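My structure is below; once you've seen it, I'll send some questions.
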Amino acid sequence: MKNNEKVLIKGNYAIAQAAINAGCQCYFGYPMTPQTEIGEYLSSKMPELGRGFVCAESELAAINMVIGAVSTGVKAMTTSSSCAVALMQEALSYACGDEVPVVLVNVMRAGPGLGYIYPAQGDYNQSVYGGGNGDYKIIVLAPSTVQECVNYTYRAFYLAQKYRNPVILLADGLLGQMMEPASFGENPYPEVDVSSWALTGAKGREGRAIYSCAPDEKKQIQHIYNLFRKFEVIAENETSYDEFEVEDADIILTAFGSMTRNIKAAMKVLREKGIKAGCFRPITLSPFPSKRINELAKQGKDFVVVEMNMGQMLKDVEYSVKGQSKVSLINRPCGEWLSVEEIVSSVEKMVEVSYAAGI
Amino acid sequence: MQQVFSIPNSMKKDFKYTFCPGCDHGIAVRLVAELIDEMGLKEKTICSTSIGCSVFLYDFLDVDCIEAPHGRACASATGVKRANPDKFVFTYQGDGDFASIGLAESMHTALRGEKVAAICINNTTYGMTGGQMGPTTIMGQITTTSPAGRNVDYNGYPIKIAEHIALCDGTAFSARVALDTVPHINEAKKALKKAFQVQLDGLGFGFVEILSSCPTNWHMSPEDAHKRVREEMMPVFPLGVFKDITAEVK
């Protein structure tokens, strides 16, 4: 699957095949609905290609295996879902502190706790803000189609090595389980030179160590400043988003991941009904496109955040808008995706209320 | 004049041990470095380090090291080895790291027969945090979290690590050694060499548990601490080779 021909493929399989095409040399994973097909797919493909595959004893072990593998300069990944990704938070903090290029795919299900296998978007906070200790940031990419699952998997491996930082591909049960046409093409990203830091054995040089612990206070402080300078560079270079018909819009529907599909459809219906709606969709949830949202808010455009959680991305949109326009929320915690009709009628009610109040 | 003693090539030349005076870690690390030199492994070695008294291993050993979170050294070593089957990979962990918080990772690495070596320093206590009860604390032993002595009703029993690892089908070699006397140090080096060799021969998981003194947390002189290793630890944790598939073949 390396040409431009479109194939009908499930999101989970698309991620797995894209990882192979991106040069992922090792996969370490543990079953967890709704992402288990990724491991199943790779369990036959990786040995065929002479690459590494381990059914880890836990998600804890799986992500630490990834840390070991990627510290040697090879590409490796693990995949999991929400409550099991919670188990990996310690390792993500280490991976940031160690500056090792871990790639983690989270195909979200409902929470908190075990929750259930319904699709949901409740891991925005877990991904963007993380549950690990200390000051760190992870690059988070949110695909909305199976094609984007392919494209962003390629990008995840590239960004992880380019910046020596963990990357999360944040999909959800809907994307993981549905079939859609997608083409794989070639991995468009160049190979990153890892020779200055990768652990390859102390041949012709001194031993190298990759670690986050600095018993010297000044070194620890400097390390964190260095990390945050890197995050600034990432924000400058890699922040990405899509926007549709925002130029003349009064109200901008905002969503991430697969909810993007429904706000685009809702925007069209609202425009037919005479409501000037636009769409804004962050591709990188971290770094978050605050600057662009702020520009749009300055123009007096209101934002309606549509998400399958209790209002997690809402906080980042509010932070970006900085009180310059109105921010509202249309949401459901999990389960049946908010339909185009529901979004349209909710927006209509908001517009009516605003009109009645003379706002 | 013949030089009879020098710092092994695989140790850094400007290091300062963070180990307490009289602790056996220093001997263990030196044995590892000597073997890396003697077996010609330095250029292909990647060590997965751990959390605890061993945390600064990368400051002493002049080999490539990846820091693993507490208990995860065997998982990290698995990742290194699967990505680089031609490299020599080992972990260096304490008993808390290997057999308490990391027991799942340790056992499963042995069960998978990962071609890595693991070294576990057993000093019957959590040393780095100041002498709390650990998975190997022996019955009746007083620690800061077992002030009345380890008691079955409250604390259950210590784990016999080398015997458990020997039961795993993927283990090629498992032994328990001590560093209290010169003959024991020589035996320890032989066991470590075997644990390294089974990896190089692609036979499976190599494991050595090293009984170690902890004079600081035991509140003993180094000499008395070694006496305790002999008189109190060895009856509970007998020295010996519990599995050696190369011997079985012969």
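Any read-out appearing in this document is the output of simple, stated calculations on the displayed coordinates, not a laboratory observation. Quantities reported herein were computed from a predicted structural model and do not represent experimental measurements. Here the Cβ is made from the backbone with ideal geometry for all residues, glycine too, and neighbour counts use every protein chain on show.
For chain B, give me the percentage of DSSP beta bridges that are antiparallel, rounded to the nearest 5 percent.
About 20 percent, rounded to the nearest 5.
Here is the link list: A:Lys264/A:Lys322; A:Lys45/B:Lys243; A:Lys75/A:Lys301; B:Lys12/B:Lys115. Which ones come out longer than 32 Å on Cα distance? Numbers along the way, then the final one.
Details: A:Lys264/A:Lys322 25 Å; A:Lys45/B:Lys243 35 Å; A:Lys75/A:Lys301 42 Å; B:Lys12/B:Lys115 26 Å.
In this structure, A:Lys45/B:Lys243; A:Lys75/A:Lys301 lie more than 32 Å apart at Cα.
Based on DSSP, what percent of beta bridges with both residues in the protein assembly as shown are antiparallel, to the nearest 5? Walk me through the numbers on the way to the answer.
On the way: 18 of 79 bridges.
Percent antiparallel among DSSP bridges in the protein assembly as shown is about 25.
Provide the FRET efficiency to the nearest 0.05 for the A:Lys45-A:Asn226 pair, computing r from the beta carbons and using R0 = 35 Å. Don't jump to the answer; show the numbers that get you there.
Numbers: r = 38 Å, r/R0 = 1.08.
Plugging the Cβ-Cβ distance into 1/(1 + (r/R0)^6) gives 0.40.
Would you grab the residues whose amide H sits under 5 Å from the one on B:Leu239? Only those 5+ places off in sequence or on another chain, please, with H modelled 1.01 Å from N.
Counting only residues 5 or more places away or on other chains, the set is empty.
List the residues, sorted by chain then number, that are 5 or more residues from A:Arg208 or on another chain and whose placed amide H is less than 5 Å from its amide H.
Here B:Asp64, B:Cys65 satisfy the definition.
Can you give the percent of C-alpha pairs in chain A whose distance is more than 25 Å? Could the numbers behind the result be given before it?
Values: 34259 of 64261 pairs.
Summing the P(r) of chain A above 25 Å gives 53 percent of all pairs.
Order by neighbour count: A:Ser58, A:Ser144, fewest other Cβ atoms within 10 Å first, most last. Please report the intermediate quantities before stating the final value.
Numbers: A:Ser58 16, A:Ser144 25.
The fewest-first ordering by Cβ neighbours comes to A:Ser58, A:Ser144.
Suppose every Lys and Arg Cβ carries +1 and every Asp and Glu Cβ carries -1, with no other charges. What dipole size does the range B:102-212 come out with about its Cα centre, to the nearest 20 debye? Numbers along the way, then the final one.
Values: 9 positive and 9 negative charges, 46 e Å.
With only Lys, Arg, Asp and Glu charged at Cβ, the dipole is about 220 debye.
Something else: In the range A:242-356, what % of DSSP beta bridges are antiparallel (nearest 5)? Let's see the in-between values first.
Working: 3 of 16 bridges.
Around 20 percent antiparallel, to the nearest 5.
Sticking with this one: On a C-alpha basis, how far is the centre of the range B:88-121 from the centre of the range A:177-234 in Å? Whole number, if you could?
The two parts, judged by their Cα centres, are 26 Å apart.
Can you tell me how the range A:16-164 classifies by the Cα gyration tensor, rounded, prolate or oblate, using a/c under 1.5 as the rounded cut?
rounded
For the pair A:Tyr319 and A:Asp242, how long in nm is the line joining their label points, each one 7 Å along Cα→Cβ?
2.5 nm
Something else: Kyte-Doolittle cut-off -1.0, length cut-off 15 Å along the helix's own axis using Cα: show which whole DSSP H helices in chain A pass.
Values: long enough: A:11-22 (16 Å, 0.48); A:36-48 (19 Å, -0.75); A:59-70 (16 Å, 1.76); A:146-163 (25 Å, -0.40); A:217-238 (31 Å, -0.90); A:259-272 (20 Å, -0.33); A:340-356 (24 Å, 0.45).
Qualifying helices, which must be both long enough and hydrophobic enough, are A:11-22, A:36-48, A:59-70, A:146-163, A:217-238, A:259-272, A:340-356.
Let me ask something additional. Provide Rg over Rh for the range A:266-359; use the alpha carbon set for both Rg and the Kirkwood Rh (inverse mean inverse pair distance).
Numbers: Rg = 13.4 Å, Rh = 14.0 Å.
Using only Cα positions, Rg/Rh for the range A:266-359 is 0.95.
Follow-up question, since we're still on this one. As an exercise, identify the GluC sites (Glu not before Pro) in the range A:207-250 lying in DSSP coil whose Cβ has no more than 16 other Cβ atoms within 10 Å. Please list the in-between numbers first.
Working: sites: A:Glu217, A:Glu232, A:Glu236, A:Glu238, A:Glu243, A:Glu245, A:Glu247; in loops: A:Glu245, A:Glu247.
Loop-located and lightly packed - A:Glu245, A:Glu247.
Among B:Pro215, B:Asn151, B:Tyr126, whose Cα sits farthest toward the positive end of the charge dipole of the range B:25-249 (+1 at Cβ of Lys/Arg, -1 at Cβ of Asp/Glu, about the Cα centre)?
So the residue we want is B:Asn151.
Let me ask you something else. Evaluate the protein assembly as shown: find the radius of gyration of its Cα atoms, find its Kirkwood radius, and give the ratio Rg to Rh.
Working: Rg = 27.5 Å, Rh = 26.1 Å.
Rg/Rh: 1.05.
Report, in debye and to the nearest 20, how large the dipole of the protein assembly as shown comes out about its Cα centre when Lys and Arg carry +1 and Asp and Glu carry -1 on their Cβ. All intermediate terms of the calculation are to be shown ahead of the outcome.
Details: 58 positive and 68 negative charges, 119 e Å.
Once rounded to the nearest 20, the dipole reads 580 debye.
Same structure again: Using Cα pairs closer than 8 Å and at least 6 residues apart in sequence, work out the relative contact order for chain A, in percent. List each step's numbers first, then the result.
On the way: 742 pairs, mean separation 62.0, N = 359.
Relative contact order, chain A: 17 percent.
Only Cα pairs within less than 10 Å get springs; with that Gaussian network setup on chain A, which residue of A:Ser127, A:Ser71, A:Ser325 has the largest fluctuation?
Comparing A:Ser127, A:Ser71, A:Ser325 in the GNM, the peak value goes to A:Ser325.
Please get the size of the charge dipole for chain A, origin at its Cα centre, with Cβ charges of +1 on Lys and Arg and -1 on Asp and Glu, quoted in debye to the nearest 20.
Working: 34 positive and 40 negative charges, 98 e Å.
Dipole about the Cα centre, nearest 20: 480 debye.
Go ahead and estimate [θ] at 222 nm for chain A from helices alone: -39,500 (n - 2.57) per DSSP H run with n ≥ 4, summed, over the residue count, rounded to 500. Before the final figure, lay out the partial values.
Details: 13 runs with 151 residues, N = 359.
Calculated at 222 nm, the ellipticity per residue is -13000 deg cm²/dmol.
Turning to a different aspect of this structure: What is the ratio of the Cα radius of gyration of chain B to 2.2 N^0.38 Å, where N is its residue count, to two decimals?
Computed over Cα atoms of chain B, the ratio equals 0.95.
Okay, moving on. Under 16 Å from the Cα of A:Lys230, which lysines turn up, not counting those fewer than eight places away in the same chain?
Within the straight-line cut-off, A:Lys230 pairs with A:Lys137, A:Lys162.
Here's a follow-up. Return the calculated 222 nm mean residue ellipticity for chain B, to the nearest 500 deg cm²/dmol, obtained by summing -39500 (n - 2.57) across DSSP H runs with n ≥ 4 and dividing by the residue count. Write down the numbers at each step before the final one.
Values: 10 runs with 83 residues, N = 250.
It lands at -9000 deg cm²/dmol.
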